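The values are calculated or read from the model by the stated rules, or taken from the named source; none is laboratory data. These figures come from a predicted structure and were not determined experimentally. Glycine gets a Cβ as well: all are built from the backbone with ideal geometry, and neighbour counts include every protein chain shown. For accessibility, only protein heavy atoms count, side chains too; no ligands or nucleic acids. Shrake-Rupley method; radii C 1.70, N 1.55, O 1.52, S 1.80 Å.
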Amino acid sequence: MAIGETIRNSQIWKSIFRHPMPLDRRNRIVVMLTNFFLHLHPVSIKKQGIALSFTWCMGGVTFFLFLVETVTGVLLMFYYRPTLEWAYNDILALRDVTSLGILRELHRWGAHAMVITTWLHMYRVFLTGSYKPPREFNWVIGVILLLLTLLLSFTGYLLPWDQLAIWAITVGSNMARATPILGYEGPGQQLLTIGGIDMITDGSDARFGLLGARFVGEETLNRFYVLHCIAIPLAAALLLAIHFWRVRKDGGISGPL
Amino acid sequence: MHSSGFFLNDVAGFLGGYYTFLAIMNGIAAFLLWRKKDAPGWALVWSVFAGVMMILASLALSASKSMVPALPEAVRGLVNSLSGPVLYTLGTTALFTGLFVFRKFFVQPMVAWSVLNFTLLLLGLSMADENFAAIVMKPDNVPIVGLVYLLAFFTWVATKQAVVNDERIKQGLPVVEKVNDEKVLVWPDLVYTELICMVGVSALLLVWALFLPAPLEEPASSVKTPNPSKAPWYFLGLQEMLVYFDPWYAGVVLPSLVVFGLMAMPYLDFNKKGNGYYSIEERKFSYLVYQFGFFELWITLIILGTFLRGPNWNFFGPFEYWTPYKVEVLNNVDLPQMFWVQWLNQPLPRAPQDAGLLSQIGFIFLREAPGLLIMGVYLVALPPLMAVTIFRGFYAKMGFIRYMVMSNLMLLMLTLPLKMILRWTVNLKYIISIPEFSLNF
Ligand code: HEM
């Protein structure tokens, strides 16, 4: 007790937390207003807005999984090199040699879980009609977040560079070959012909743009690695910030008028 | 393949734990019901059930072929021989319809609990089948089992509240969410809930990661194509659509439409009711459209694509061995073929050898006239027709543009089930088939 008291009275502690413990009403309000992480939340909220039966806490769980993926992902990056020579062997070593043997499991199952919780969150938002005015635009941002979540999962699927990985990505990206007009085998690709020269070939079509090559190869691995570790997470982080901001600005969690 | 000793050794431990878990789960339920004193009958039922589960657990742990509880061979054979894409789709449709129509019955906790127990028991009995277990236990397929139960659970949670609210609205009472609108402080109420959720999710993820190793197959090889080659599970609904449509539609246009349709949804749903609380009666149309799209056209197709599609994308029953040698007769016919050759007894219209480009295109149009006509009527004539008939009220409230977007999105969404039905009934392959421009529909 005395030690706790001393710590809480120290200059260091007081420089971090500018108020006493949130034990009474006043300080419970102050903590929400002064703490950077908590100020995402309002100070007080309608009881039904935080009922688990109403929100299922699914948006929160999805966000938490995003954070878990970020942390485990950074740790995985310490061990993994995205080249044909190393990718598979690094994953193998991660299983057989490295300590903390469940890092890859946490990251992979966390990713699957995040896809599932995103769907469930969206399902809840639909079922409570929370996409209706004034929250239409936040729903639109949500749809983009859903897309980014799926793309994160998809780009990550390739990185272990095993049979499961390249064939899943091959099957998935083969679709791009059939993009109307822009895909090598898509309807109407003949239309983009300039002076008798076909503009859309297997070396210039939508699938090539996705893979960086005519088939899933080293260029694809590099491309998906960069997308997976940098581009998509950054985009998702930005949109998440806007998403949360909008939840507040649209009047907090929805409820009957 | 028949259950070998090795296989039973492998699953015995799992099944033992599984049935024990069911026993504990039902034991707790029985205890809680008994303490509440208003349902002693149910308390007895679930404690007996828990006892039976304990017996099943010990039988399973024996790991001997004659003891491990399993579905009779004959039942499995029957299920295999009966199942196919048609029955699967009709069956799930009937199931969803039944659940929806009789939702007041199914949301009762004891009914829901019985259904849960029944499906869990069925899953356990099926897991003793080697072929079933081989597919369901694939590490990347395990999440889908979780998804199914989570969806069922949350649908129950939501429907239960919607049923209560709908009843209250009918009686002129405010919805439950409205009653509950006193304000509370975020610290501690929300912050602690969030903390507990985080701890719970972390625990779950840790257990999952400890018990289920992440898959790692042989090193990638661009010459050894696995059969079947499958996309990641969340895209298998799209891959299943490839059975009915070419990649340009199933893999590019339809997914884009799904994304666009979802984004457009808040702007198309003009119903102001049902905002911020669970309700079904107040927004039946949007509810049914969403559930149809989500459950019928997305989730059930993922399950079909994951668990029931084997080598060469052939259909396999849940207890069937995935042999690559299964042959399915494909005798699908294009509409032009049907129209010109089968019905009119003529050869397909074809441009003469030395015809110019325009005349060739003219002949293509002639050949495809039936399909183009059908699609024209479907996409161009149907929306205005519906605007003056079944959707008259909608049209008045939505205005021209919004109505057109909505009706076209709905019609495009329905192309999938319609094409399925045409495939199953008249073996239709393509309605429009213009290989000259890689345009098959
Ligand atoms: C990466 C994925 C996502 C994360 C981390 C996320 C996070 C959140 C959080 C924390 C909330 C607060 C309320 C709650 O927890 O339910 C929320 C609300 C909301 N989300 Fe998301 N979300 C995601 C994806 C989506 C998607 C896919 C949609 C819909 C297409 C969506 C639409 C909404 C809407 C409309 C609200 C306001 C709901 C209300 O006020 O009741 N979000 N989101």
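Dividing the Cα convex hull volume of the protein assembly as shown by residue count, how many Å³ per residue is that?
With only Cα atoms used, the protein assembly as shown gives 223 Å³ per residue.
Using the Cα centre of chain B as the reference point, and only Cβ charges (+1 on K/R, -1 on D/E), how large is the resulting charge dipole? Debye, rounded to the nearest 20.
Charge dipole of chain B: 1020 debye, to the nearest 20.
Helices from chain A with mean Kyte-Doolittle at least -1.0 and a Cα length along the axis of 24 Å or more, per DSSP H: which?
Span-like helices in chain A: A:58-79, A:103-127, A:136-158, A:232-249.
Given a cut-off of under 8 Å on Cα pairs at least six residues apart, what relative contact order in percent is computed for chain B?
Value for chain B: 16 percent.
At what distance in angstrom do the alpha carbon centres of the range B:167-203 and the range B:67-96 lie from each other?
About 41 Å separates the Cα centre of the range B:167-203 from the one of the range B:67-96.
Kindly provide log₁₀ I(q)/I(0) values, in the same order as q = 0.23, 0.24, 0.25 Å⁻¹, from the Debye equation applied to equal alpha-carbon scatterers of the range B:103-163.
The Debye formula, applied to the Cα set alone, gives -0.94, -0.98, -1.02.
So what's the Cα pair-distance distribution over the range A:1-104, bin width 10 Å, in %?
11, 24, 21, 23, 17, 5, 0
Using DSSP to call loops (not H, G, I, E or B), can you name the chymotrypsin sites (Phe, Trp or Tyr not before Pro) in the range A:33-69 whose Cβ has at most 12 other Cβ atoms within 10 angstrom?
Passing both the DSSP loop test and the Cβ count: A:PHE36, A:PHE37.
Go through B:ALA94, B:PRO247, B:ALA209 and say which Cα lies farthest out towards the positive end of the charge dipole of chain B; charges sit on Cβ, +1 for Lys and Arg, -1 for Asp and Glu.
B:ALA94
Counting each pair of different Cα atoms once, what's the Kirkwood radius of the range B:151-248 in Å, rounded to one decimal?
By the Kirkwood definition, the hydrodynamic radius is 19.7 Å.
Just to confirm the number: angle between the C-alpha axis of helix B:357-367 and the first principal axis of chain B, 0 to 90 degrees, nearest 10?
Compared with the principal axis, the helix lies near 60 degrees.
When ligands, DNA and RNA are left out and all protein chains stay put, how many square angstrom of accessible area per residue does the range B:1-85 have with a 1.4 Å probe?
59
Can you find, among B:ILE374, B:GLN342, B:PHE363, the residue sitting farthest towards the positive end of the charge dipole of the range B:317-398, where Lys and Arg contribute +1 and Asp and Glu -1 at Cβ?
Highest projection toward the positive end goes to B:ILE374.
Run the helix sum for chain A: -39,500 (n - 2.57) per DSSP H stretch of 4+ residues, divided by residue count, reported at 222 nm to the nearest 500 deg cm²/dmol. Walk me through the numbers before you get to the answer.
Values: 12 runs with 153 residues, N = 257.
The helix contribution divided over chain A gives -19000 deg cm²/dmol.
Could you work out, residue by residue across A:170-177, how many beta carbons of other chains sit within 10 Å of that residue's beta carbon, and then give the average as an integer?
Per residue, the average neighbour count from other chains is 6.
With no solvent and one point per C-alpha, what does the Debye sum give as log10 I(q)/I(0) for the range B:364-421 at q = 0.17, 0.18, 0.25, 0.29 Å⁻¹?
-0.62, -0.67, -1.00, -1.14
Kindly give Rg over Rh for chain B, based on alpha-carbon atoms, with the Kirkwood expression for the hydrodynamic radius. Provide the component values of the computation, followed by the final result.
Working: Rg = 26.7 Å, Rh = 26.2 Å.
Reported Rg/Rh, Kirkwood definition of Rh: 1.02.
As I understand it, the value is the acute angle between the Cα axis of helix B:400-426 and the longest principal axis of the Cα atoms of chain B; what does it come to in degrees, rounded to 10?
Orientation of helix B:400-426: about 90 degrees from the principal axis.
Please report, for the Cα atoms of the range B:250-327, the Rg to one decimal and the Dmax as a whole number; what are they, in angstrom?
For the range B:250-327, the Cα radius of gyration and maximum Cα-Cα distance read 18.1, 56 Å.
Does anyone have the angle between helix B:142-170 and the longest principal axis of chain B? Alpha-carbon axes, 0 to 90°, nearest 10?
Taking Cα atoms only, the helix is inclined about 90 degrees.
Give the relative contact order (percent, whole number) for the range A:4-153; include only Cα pairs under 8 Å separated by 6+ residues. Present the calculation step by step, with values, prior to reporting the outcome.
Values: 83 pairs, mean separation 27.7, N = 150.
Worked out over the range A:4-153, it gives 18 percent.
Can you list, largest first and rounded to whole Å, the semi-axes you get for the range A:52-249 by taking the square root of 5 times each eigenvalue of its Cα gyration tensor?
Working from the Cα gyration tensor, I get semi-axes of 32, 27, 12 Å.
Using DSSP to define loop residues, name the trypsin sites (Lys or Arg not before Pro) in the range B:163-271 whose beta-carbon has at most 15 other beta-carbon atoms within 10 Å.
Details: sites: B:ARG168, B:LYS170, B:LYS178, B:LYS183, B:LYS224, B:LYS230; in loops: B:LYS224, B:LYS230.
Qualifying residues, ordered by number: B:LYS224.
Dipole magnitude of chain A about its Cα centre, charges +1 at Lys/Arg Cβ and -1 at Asp/Glu Cβ only, in debye to the nearest 20?
For chain A, the charge dipole is close to 1640 debye.
Which of the peptides B:310-323, B:418-431 is most tightly packed, and how do the rest follow, going by the mean number of other Cβ atoms within 10 Å of each residue?
Packing proxy ranking, top to bottom: B:310-323, B:418-431.
Treating only the Cβ atoms of Lys and Arg (+1) and Asp and Glu (-1) as charged, compute the dipole magnitude of the protein assembly as shown about its Cα centre; round to the nearest 20 debye.
Working: 51 positive and 43 negative charges, 521 e Å.
About 2500 debye.
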